[in-house]
Every structure is written in structure tokens, then in C-alpha cells.
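The values are calculated or read from the model by the stated rules, or taken from the named source; none is laboratory data. This one's a predicted model, so the numbers in the text were calculated from it and none came from an experiment. Positions of Cβ are backbone-derived with ideal geometry, glycine not excepted, and every protein chain shown enters the neighbour counts. SASA here: full protein model, heavy atoms, side chains in, ligands and nucleic acids out. Shrake-Rupley method; radii C 1.70, N 1.55, O 1.52, S 1.80 Å.
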Amino acid sequence: MEWKDVYLKDVSYYSTDRISVDDLTILNYISTENMFSNRQGITYASSLPSTKTVSRYKPGDILISNIRPYFKKIWYADKTGGCSNDVLVIRNSNPQKILNRFLYYCLFTDNFFDYVMSGAKGAKMPRGDKDEIMKYQISLPPLNVQEQISNILTNIDDKINLNTKINKTLEKMALTLYKKILLDNSDTNNAKKLSDYITLNPRISVKKGTVLKYVDMKALPTDQMSVSNEDIIEREFKSGTKFMQNDVLLARITPCLENGKSAFVDFLSEGEIAFGSTEFLVFRASEYSCPQFLYCLIKDPNFQEFAKQSMVGTSGRQRIQNDILLEYNLPNINSEQMNRFYETTKKWFDNVRLNSIENTRLSQIRDYLLPRLLSGEIDVTRAEKQIKEVL
């Protein structure tokens, strides 16, 4: 089989199409902030821009954030929508020579983002050089081989996406049950404070120099409960916020709080200690609560608004006031109700963790296969059989 080396400009171009903001909803507008690092997809914007028009993308286009290429933000469009000017819209110009999905996976690689970064301009906020990006070289096998390679990688990504959707559904189910338990107890006169349900920033002793798992603010997710395994590193403890299994983490500083940065700690073994940013708050369940209830609590829009209102400090560096946060009112939920909530939601949270572990494994398989399939190092037919067994 003959493989041909071509430049990106030989098979694609930057789309200059525009779309009216009036024709958009927040469900199809994307800015660089809505694209996740390390090629983990996108979410949609919470508001539309004030401009009259934005860049237009359509199904089959490839969207790449051109700000700080080392974040590796890329997405394969499955609908028509709009995006900010800092998102490059790359469109296939020669479908007879290259498949859309194959082009996407050619740009999904570490090699591509390293290449973009090598020619980026700017110190604090580097941007890729658009002319240089189009000089990126890729190898093209015959279309039938492109299709085989694309199918292998797409099947893995589809399974990852399915697990992610299941996790979001399970989280929504937990939030629905949380709202019901609040509603069922809304008439009680015997209200409690948040301080009755949690221990805030529990004291944990660790010797300096001890190697522990570490989670920084960047790793704290905005759209899922679990921290991705690839974002967890190990380092010596010097200072930071300490936490344990089943604790709940909440960013206490602007704009991270407003962006919804939070997590359920489900990646540690029993008794294991980890640490993270000093800008984390740690919620630990008291005898009147359970960890799953606390995670739903920090996702409650009413609680989030209360937390925002408690913030003080200079513009851009505002932080939650702990003493005010602990005064947040909650209904008096009896132990029988809380236990039922725990027993039900624990199964869901456990499934979320299992799906997250599987997604990490699948991502590792995909990232191992990707460069080897694109270079012809791995036999495609054999890889197809192995992936079928894995999935």
C-alpha cells in the first residue's frame, strides 16, 4: 500500500464562513474556554457573544483552539454552529484524497500540537502561526485504509463518549433525588446550618516531603464529578489543602467558583491522603450527612449563588468567606432519609468511578494506537480485531 506525504494545506483550508449570532443558541456556540484540555471534548457556552456575527462551523469541520496550543484543545464538529475568532475552523478541501475523520485524527496527535507550539508567537498567551500550521506534514494511505483507521479510533472514542453520557445521567439522577429530599423537608421549622452537615477543611497531618497524589486547580473539573486520572500526579508535600477519599472539593476563588470547579474524591484508597491547591475548600460529611449529598449540595444553584454572595476581596481575587458559608440554611433531614439517599446514590457514584477508570484505559489504548496507526507501524486488520475484543 502506497502512503503519500502531503502538507495540511494540500487537503484542507481555514473556513472564513460567518454566522449571525441571532441564528445561534448557547447549545452551539463555542469559545476557547469551552474546549477542554488534552483533547477531552467541549461543553457549550453559558452565554452568546455581543458581536453580530461569529465564525461558522458545520458537521465534519475540525475546531482547534489557537490560544496556548500546549492545552491541546480540539473537537470534531457534529452539528452546525458558531465559534470565537480564536478557534480555528479547519475544513477538508479534498474528500477524494482524505476522509474528514482521518484528517481529524491526524491533527489529534501530540506531534501536531508540538508542531503548532514550536511555531507559536507570544510569551504569556502564545498563538499558533496560521501559515505555519498549514505546512504541517501528514502521511496519507489509501482511502480504504483511512476508513479502517478512523473506524478503530472512532469506536474507542464512541465508547468513551457513551461512558461520559452515562456518568452525566447518573449525576443528574442524584441531583434530582437531592432536590426531592430537600422539597420533602421544606416545611420543617427545625432547620439546620451547613455546619451541621459538614466538617470544613478537616485537619489532616502530613510530614513535609511525603510523596502524595496531587490535584491542581486546572485539574478540577467543571462538568463532571471525577478528576481525570491523567490529571492526577504525585509530588512531595510542602503546602496545600489536604483531603481523603469521599471528601468533596470546591474552588473558593473567582473565577473558578463561578466556572463550577468542584469534584467528588473517588480516586484514593481508604485512609490515603492527597493534597491540592490552597484555593480548595474540603467538605467532609458529618454524622448527619453523606458524601454524595454534599456533592449534590455544591452543585445546587441556590448554594452556588449563596457562595458567590459570600465572596470578598479585590476584583479578580475574591474568595468565599468560610464563616458565612457555614451559615447556609438546609432542612433537617432525618437519618432514615439520609441513609436511603446514601444507599441509592452510592451505587450511582460507584458506577461513575468505574466508567471513569474505563475511560482512562480506553484513552491510553487510543493514544498508544494513534501514532502507530497513522505511521503504518501497526497492522490495521490486526488492530481492528483487538479493539473489538477490548470493546
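Loop-located trypsin sites (Lys or Arg not before Pro) in region 1-76 (DSSP state other than H, G, I, E, B) with a sparse environment of at most 11 neighbouring Cβ atoms within 10 Å: K52.
For region 1-98, the set of chymotrypsin sites (Phe, Trp or Tyr not before Pro) satisfying both a DSSP loop assignment and a count of at most 16 other C-beta atoms within 10 Å is given as W3, Y44.
Mind checking the per residue accessible area of region 79-209 for me, 1.4 Å probe, whole number of Å²? Present the calculation step by step, with values, prior to reporting the outcome.
Details: 6880 Å² over 131 residues.
With the other protein chains kept in place, region 79-209 gives 53 Å² per residue.
Across K261, K208, the residue with the most accessible area heads the list, and the full order at a 1.4 Å probe is K208, K261. The share of C-alpha pairs in region 29-83 whose separation exceeds 18 Å stands at 28 percent. P202: net charge of surrounding residues, Cβ under 13 Å, Lys/Arg +1, Asp/Glu -1, itself excluded? Here the count lands on +2. Over region 270-391, consider all pairs of different Cα atoms and compute the Kirkwood hydrodynamic radius from their mean reciprocal separation; express it in Å, one decimal. Answer for region 270-391: a Kirkwood hydrodynamic radius of 19.0 Å.
Near K121: Cβ cut-off under 14 Å, other residues only, Lys/Arg at +1 and Asp/Glu at -1. The net charge is 0. Compactness of the chain, taken as the C-alpha radius of gyration over 2.2 N^0.38 Å, stands at 1.10. Look at the alpha carbon pairs under 8 Å that are at least 6 residues apart: their mean separation over the length of the chain gives a relative contact order of 16 percent. Taking only the alpha carbons of region 223-329, we obtain Rg and Dmax values of 13.9, 40 Å in that order.
What accessible area per residue comes out for region 315-391, rounded to a whole number of Å², with a 1.4 Å probe?
60 Å²
Close amide H pairs (under 5 Å, H built 1.01 Å from N) link V215 with F275, G276, S277, residues at least 5 positions away or on another chain. Computed from Cα positions, the angle between helix 380-390 and the longest principal axis of the chain comes to roughly 20 degrees. A cut-off under 12 angstrom between Cβ atoms defines the neighbours of V390, and their net charge, with Lys, Arg +1 and Asp, Glu -1, is +2. Applying the Karplus relation 6.51 cos²θ - 1.76 cosθ + 1.60 with θ = phi - 60° to region 143-149 yields 3J(HN,Hα) values of 4, 5, 6, 4, 5, 4, 4 Hz, where x marks Gly and Pro.
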